Amino acid sequence: MHSETPQLQPIVPAYHVRILSDAQLADMQSATLELLEEVGIHVPSGRAREIYAAHGGLVDPATQIVKLPPNVVLEAMSHAPRYYTMGARSEAFDLVLDGTAMYVATDGSGTETIDFETGLRRSSTKDDVGKMARVSDYLSSIAFYWPIVSAMDYPATAPLHELDASFNNTVKHVQTETVMGDKTGRYAVEMARVIAGDEETMRRRPPVSLLVCTIAPLAQDSHGMESALVFAEAGLPVGFMSMATAGSTAPATIAGTMVVGDAEMVAAMVLIQMGHPGAPTYHSMMPGIMHPRTGAFMGSNFEGDLTYSGGVELAHMWGVPALAGIGPGAATSGWESAAGIASSMLLCALCGAETASGLGLRESCTLLSPEALVLDSDLHEIVRYEAAGLDTSREAMALDVTKAVGPRGHFLSQRHTRSQMRKRAFSELTSQPAPGGGYRDPIEVAREKTDWILQNHHPEPLSEAQQRELARILQSADRELG
């Protein structure tokens, strides 16, 4: 028996901020165009090079470097839609990317899990993907689901099994980052068509989108670009993410890293618009910073959050929606991890990001702890209230009740106090009284809530016909690709 999925509660900012001035954005756009024209992008996909060459790109077959004149870039990007809808299995959970709200997703593609039962660390599985899809389906803070870990038990066809586990366990939109290559891409599109019901609905309300990581510095992944072209041909949204790392695969400065990442993503979006003008696409700036002593990838440092919010403004400068980075994938699960998620989430919302991802993983986006998504969801609620602004109506300022109470009185007996206190929001994790006084450990409460969701929440299932069709597609893919 299924239970109803709670309504979405996206972050709807009542006010906005700017990180980059118009002059700074113009300078960065000019820098990106300069890199694309004079340095170019390494493009190993023969199909992609053919498309670039046919639309004004300067292709060197020997080096596989493609250079893009500014007029070619700007003309192609003029076709990219600024607004569109990311559909869901249930129409009530469609995401209208019109700039009024920021919809938040999980982080994705982790490879290890703290086991739900034993507490031991192990490789992640398809079952983990399905369980966390169900938790995400229940949480009103999670608007769409990026399979949070990988189906490591299906090595050859993991991306398709991740989609299967997701579609069967959430009615929300699904974003995949692991579908790579033409053949796998076509199987994924076939699965999306089953979920949508028909071709027209799939294009109008696409139930799945693809996120492709570029290769820093200034390069593309052959299989990633080929699956991107397959998705774009089918009308499914395709986004590009740069994880350029300051100091190693990008300049050591924040601005230099952002320009390198921007050039990578713009070149990819240009390809999509050349091949399929008007195809929905998006921009996702999620760079890192090299640890100066170990060389390890770090999601952020003291100024690193500016790359995420500044990336939102770069996306809008190019005329496309943004997928903002809000969870730097901290190395630990301590207080600073929470602080980083909350600050970047608020900044990106106030900069106008349409979507964002990054909740639920630790250790630089590789490790899933079952309770982590519930913990991060609590931070989402804090940001949602902070971004909503302050009510300064006469009722909210409580002048009449204050006059009635007067000096040295108290407000406990006032009807206004009772009605307003019922409206106040308190954390479900940090405000739970403990027997004998004080408050319970939030991690313990989060784990209990996760267990409760898995035991009690069962999203509306796919129809038997849809389940049979997905099983048939997976069997075909396993035979061909396995």
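The values are calculated or read from the model by the stated rules, or taken from the named source; none is laboratory data. Computed from a predicted structure; not experimentally measured. Positions of Cβ are generated from backbone atoms using ideal geometry, with glycine treated the same way; all protein chains shown enter the neighbour counts.
Checking the conditions here, which among Gly235, Gly224 is under 25 Å from Ala263 (Cα atoms), assigned to a loop (DSSP other than H, G, I, E, B) and either charged (D, E, K, R) or in contact (Cβ under 8 Å) with a residue 24 or more places away in the chain (or both)?
On inspection, the qualifying residue turns out to be Gly235.
Exactly one condition in (1) closer than 23 Å to Pro237 by Cα; (2) crowded, with 20+ Cβ neighbours inside 10 Å; (3) under 22 Å from the mean Cα position of the chain (by Cα); (4) not basic (Lys, Arg) is false for Thr113; which is it?
(1)
Any residue in region 184-201 that is assigned to a helix (DSSP H, G or I), at pLDDT 95 or above and touching a Cys at 6+ places or on another chain (Cβ under 8 Å)?
Within region 184-201, not a single residue is assigned to a helix (DSSP H, G or I), at pLDDT 95 or above and touching a Cys at 6+ places or on another chain (Cβ under 8 Å).
Got a number for residues in region 415-469 being among the basic types (Lys, Arg), in a helix (DSSP H, G or I) and surrounded by 13 or more Cβ atoms within 10 Å (Cβ to Cβ)?
Residues in region 415-469 being among the basic types (Lys, Arg), in a helix (DSSP H, G or I) and surrounded by 13 or more Cβ atoms within 10 Å (Cβ to Cβ): 2 in total.
Output the qualifying pairs, or none if there are none: Cβ atoms under 7 angstrom, residues six or more apart or on different chains, first residue in region 416-440 and within 19 Å of Tyr385 (Cα to Cα), second residue assigned to a strand (DSSP E or B).
So the pair list comes out as Thr430/Tyr439; Ser431/Tyr439.
May I ask you to say which residue of Leu33, Leu95, Leu68 is under 24 Å from Ala324 (Cβ atoms), of a type in the set (A, V, I, L, M) and in contact with a Gly (Cβ under 9 Å, 6 or more places away or on another chain)?
One residue alone meets the criteria, Leu95.
Are there any strands (runs of 3 or more DSSP E) wholly within region 248-325 with 1 or more residues that are under 21 Å from the mean Cα position of the chain (by Cα) and at pLDDT 90 or above, and if so which?
Result: 281-285, 323-325.
Considering only residues that are part of a loop (DSSP other than H, G, I, E, B) and surrounded by fewer than 24 Cβ atoms within 10 Å (Cβ to Cβ), which ones fall in region 143-168?
Hits for region 143-168 are Met152, Asp153, Tyr154, Pro155, Ala156, Thr157, Asn168.
Could you count how many residues in region 220-256 are crowded, with 19+ Cβ neighbours inside 10 Å, of a type in the set (Val, Ile, Thr) and touching a helix residue (DSSP H, G or I) at 6+ places or on another chain (Cβ under 7 Å)?
Residues that pass the stated criteria total 2.
It is to be established whether one or more residues within region 201-224 are more than 17 Å from Arg49 (Cα to Cα), in contact with a Gly (Cβ under 9 Å, 6 or more places away or on another chain) and among the polar types (S, T, N, Q).
yes
Could you give every pair whose Cβ atoms fall below 8 Å, whose first residue belongs to region 171-186 and is touching a residue at least 40 places away in the same chain (Cβ under 8 Å) and more than 18 Å from Gln475 (Cβ to Cβ), and whose second residue is acidic (Asp, Glu) and not in a helix (DSSP H, G or I), counting only separations of at least 6 or pairs across chains?
Short answer, once both residue conditions are applied: Val171/Glu460; His173/Asp94; Met180/Asp221.
Can we say Thr85 is in a strand (DSSP E or B) and out of contact with any Gly (no Cβ under 6 Å at 6 or more places or on another chain)?
yes
So which of Met397, Met421 is under 30 Å from Leu373 (Cα atoms) and of a type in the set (A, V, I, L, M)?
Met421
Tally the residues that are part of a loop (DSSP other than H, G, I, E, B) and either free of Cβ contacts under 8 Å to residues at least 12 places away in the same chain or of a type in the set (Ser, Thr, Tyr) (or both), restricting the search to region 88-105.
The qualifying residues number 2.
Suppose we filter region 143-188 for residues that are among the hydroxyl-bearing types (Ser, Thr, Tyr) and within 19 Å of the chain's Cα centre (by Cα); how many remain?
Going through region 143-188 one residue at a time, the tally reaches 6.
Residue-by-condition table, conditions (1) under 27 Å from Gly325 (Cα atoms); (2) aromatic (Phe, Trp, Tyr):
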{"position": "Val149", "(1), (2)": "yes, no"}
{"position": "Tyr154", "(1), (2)": "no, yes"}
{"position": "Asp182", "(1), (2)": "no, no"}
{"position": "Val189", "(1), (2)": "yes, no"}
{"position": "Ala192", "(1), (2)": "yes, no"}
{"position": "Glu200", "(1), (2)": "no, no"}
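Can you say whether Arg472 is at pLDDT 95 or above and of a type in the set (Lys, Arg), as far as the supplied structure shows?
Yes: the conditions hold for Arg472.
For Ala356, all conditions in the list (1) free of Cβ contacts under 8 Å to residues at least 60 places away in the same chain; (2) in contact with a Cys (Cβ under 8 Å, 6 or more places away or on another chain) hold save one; what is the number of the exception?
It is condition (1) that Ala356 fails.
Pull up region 207-219, narrow it to residues that are within 12 Å of Tyr282 (Cβ to Cβ) and of a type outside the set (Gly, Ala, Ser), then point me to the one that is surrounded by the most Cβ atoms within 10 Å (Cβ to Cβ).
Ranking the qualifying residues of region 207-219, first place goes to Leu210.
Sort out which residues of region 1-33 are aliphatic (A, V, I, L, M) and within 19 Å of Gly256 (Cα to Cα), and write them in order of number.
Once the filter is applied, which keeps residues that are aliphatic (A, V, I, L, M) and within 19 Å of Gly256 (Cα to Cα), region 1-33 yields Ile19, Leu20, Ala23, Leu25, Ala26, Met28, Ala31, Leu33.
Tell me, which residue of region 26-44 that is touching a residue at least 60 places away in the same chain (Cβ under 8 Å) and either within 16 Å of Pro251 (Cα to Cα) or in a helix (DSSP H, G or I) (or both) is farthest from the chain's Cα centre (by Cα)?
If we take residues in region 26-44 being touching a residue at least 60 places away in the same chain (Cβ under 8 Å) and either within 16 Å of Pro251 (Cα to Cα) or in a helix (DSSP H, G or I) (or both), then Val39 is farthest from the chain's Cα centre (by Cα).
Looking at Thr100, Thr106, which one is within 25 Å of Leu347 (Cβ to Cβ) and surrounded by 24 or more Cβ atoms within 10 Å (Cβ to Cβ)?
The unique qualifying residue is Thr106.
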